[in-house]
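Asks: Just passing along the structure, written as structure tokens.
The values are calculated or read from the model by the stated rules, or taken from the named source; none is laboratory data. Predicted model, so just to flag it, every value in this text is computed and none were measured. Ideal geometry is used to build each Cβ from the backbone, glycine not excepted, and the neighbour counts take in all protein chains shown. Note: areas computed on protein heavy atoms with side chains; ligands, DNA, RNA excluded. Shrake-Rupley method; radii C 1.70, N 1.55, O 1.52, S 1.80 Å.
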Amino acid sequence: MPELPDLSSLIAELDARTADVDRGDSEPGDLRRLAAAEEIADELTALGARLVGYYVEQARARGNSWADIGGHLGISRQAAQQRYAPARFQLTVGDLIATGALDRLTDRTRAALVRAEQHATRLGSGVVEPGHVLLAMLDDDTLAVQALERLEVDTAGIRNALQGVQAAAPPRLVSTPLGTPARRLLETALVQALKLNHNYIGTEHLLLALAHTPDDPAARLLADRGVTYDRAREAVQAVIDEYLRRR
């Protein structure tokens, strides 16, 4: 078990960071240190949730059910899910890759999720949203982009609209987790892949998942440009057929 920092170590570190707060500052140094302590406490809480979420996600990725997890801990399946499901949503893309939860994704799709996290951080979002995923897909000549071009969609216009959605006051980020809607987008993408008899998840499946989630703002951007689920599916099938012919 790794040795955790004790209280005296944390106090010494915080005092060292704020050693000059009393010099020429109108706010008392002790109050500044209190605020800094609150920030550290929040960071430790978030880190603890990520730690738990990592191992829950890893257990799930390796085939353990919620009933398995609950049984090991002496609680019901429902209690295990209620207790630990929120911790899964503290994980970053890198965390999820490390757990094996994204093994079904193609290399290009995993790279798109990494870029989505970068977009989310740059735009000041506290979590990765489906809009950041769409923006990341547009960064590359993915099958999703080819499908949109086949539908004569103005991808540059979509990009500009997504770039404009920026937080007014970017939060101080320790990490940028994949938000609940983005996690659900991945789950829907898996369903779409299975419907096409594919054993992998590509950007084309993410596009279908977006078109299948009409209430999301990014999905509405697509719908406003005529990208319905049926049209997206036809376009995706066409680009896949064309890709297979070229191989």
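Asks: How charged is the neighbourhood of residue 60? Take every other residue with its Cβ under 11 Å from the Cβ of residue 60, and add Lys/Arg as +1 and Asp/Glu as -1.
Replies: Here the count lands on 0.
Asks: Here is a further query. For region 1-130, what are Rg and Dmax over the alpha carbons, in angstrom?
Replies: Calculated on Cα positions, Rg and Dmax stand at 19.6, 59 Å.
Asks: Given the -39500 (n - 2.57) contribution per DSSP H run of 4+ residues, what per-residue ellipticity at 222 nm results for the chain, rounded to the nearest 500 deg cm²/dmol?
Replies: Values: 13 runs with 163 residues, N = 247.
It lands at -20500 deg cm²/dmol.
Asks: Right, here's the next one. Which one of 119, 206, 175 is farthest out on the positive end of the charge dipole of the chain, using unit charges on Cβ (Lys, Arg +1; Asp, Glu -1) and the Cα centre as origin?
Replies: Sorting the options by dipole projection puts first 206.
Asks: Sticking with this structure for a sec: May I ask for the net charge around residue 141, where only other residues with Cβ less than 10 Å from the Cβ of residue 141 are counted and Lys, Arg are +1 while Asp, Glu are -1?
Replies: Details: positive: 108; negative: 139, 140, 149.
Taking every other residue near residue 141 into account, the sum is -2.
Asks: Continuing with this model, one more query. What is the distance in Å between the Cα centroid of region 186-215 and that of region 95-113?
Replies: Region 186-215 and region 95-113 have Cα centres separated by 15 Å.
Asks: Per residue and in Å³, how big is the convex hull formed by the alpha-carbon atoms of the chain? Intermediate values should be presented prior to the final figure.
Replies: On the way: hull volume 42.7 nm³, N = 247.
Once divided by residue count, the hull of the chain is 173 Å³.
Asks: Additional query: Take peptides 152-159, 239-246, 111-118 and line them up by average Cβ neighbours within 10 Å, highest first, as a rough protection proxy. Can you show the working numbers first?
Replies: On the way: 152-159: 14.0, 239-246: 11.4, 111-118: 20.9.
In descending order of packing, they fall as 111-118, 152-159, 239-246.
Asks: Still on this model: Across bins of 5 angstrom width beginning at 0, how are the C-alpha pair distances of region 146-247 distributed, in whole percent?
Replies: Going out from 0 Å in 5 Å bins, region 146-247 shows 2, 12, 19, 22, 19, 13, 7, 4, 2, 0 percent.
Asks: Starting from the Cα of residue 52, step 7 Å along the direction of its Cβ; do the same at residue 195; then give the gap between the two resulting points in nm.
Replies: For residue 52 paired with residue 195, the spin-label model returns 3.5 nm.
Asks: Taking region 60-118 on its own, what percent of its Cα-Cα pair distances exceed 15 Å? Each step should come with its number before you reach the end.
Replies: On the way: 974 of 1711 pairs.
Tail of P(r) above 15 Å: 57 percent of Cα pairs.
Asks: What spacing in nm lies between the two simple spin-label points modelled at residue 231 and residue 139, each 7 Å away from Cα in the Cβ direction?
Replies: Computed distance between label sites residue 231 and residue 139 equals 2.7 nm.
Asks: To continue, here is another question. Sum up the charges of everything whose Cβ sits under 15 Å from the Cβ of residue 83, counting Lys and Arg as +1 and Asp and Glu as -1, but leave residue 83 out.
Replies: Details: positive: 60, 77, 88; negative: 57, 68.
That works out to +1.
Asks: Also, I was wondering about something else. Let me know the charge dipole size of the chain about its Cα centre in debye, to the nearest 20, where only the beta-carbon of Lys, Arg (+1) and Asp, Glu (-1) is charged. Walk me through the intermediate numbers first.
Replies: On the way: 28 positive and 35 negative charges, 217 e Å.
Dipole about the Cα centre, nearest 20: 1040 debye.
Asks: Please give the peptides 38-51, 86-99, 58-71 ranked by average Cβ packing (other Cβ atoms within 10 Å per residue), highest first, as a rough proxy for protection. Write down the numbers at each step before the final one.
Replies: Values: 38-51: 13.1, 86-99: 19.3, 58-71: 15.1.
So the order, starting with the most tightly packed, is 86-99, 58-71, 38-51.
Asks: Here is a further query. On average, how much accessible surface per residue is there in region 9-154, in Å², for a 1.4 Å probe, leaving out ligands, DNA and RNA?
Replies: Working: 7900 Å² over 146 residues.
Per-residue accessible area for region 9-154 comes out at 54 Å².
Asks: In the chain, which helices (entire DSSP H runs) extend 27 Å or more along their own long axis, judged by Cα positions, while averaging at least -0.5 on the Kyte-Doolittle scale?
Replies: Details: long enough: 29-61 (47 Å, -0.02).
Length and hydropathy pass: 29-61.
Asks: Hey, any idea what % of the chain's accessible area is carbon plus sulfur with a 1.4 Å probe?
Replies: Details: 7080 of 13910 Å².
Solvent-exposed carbon and sulfur of the chain make up 51 percent of the total.
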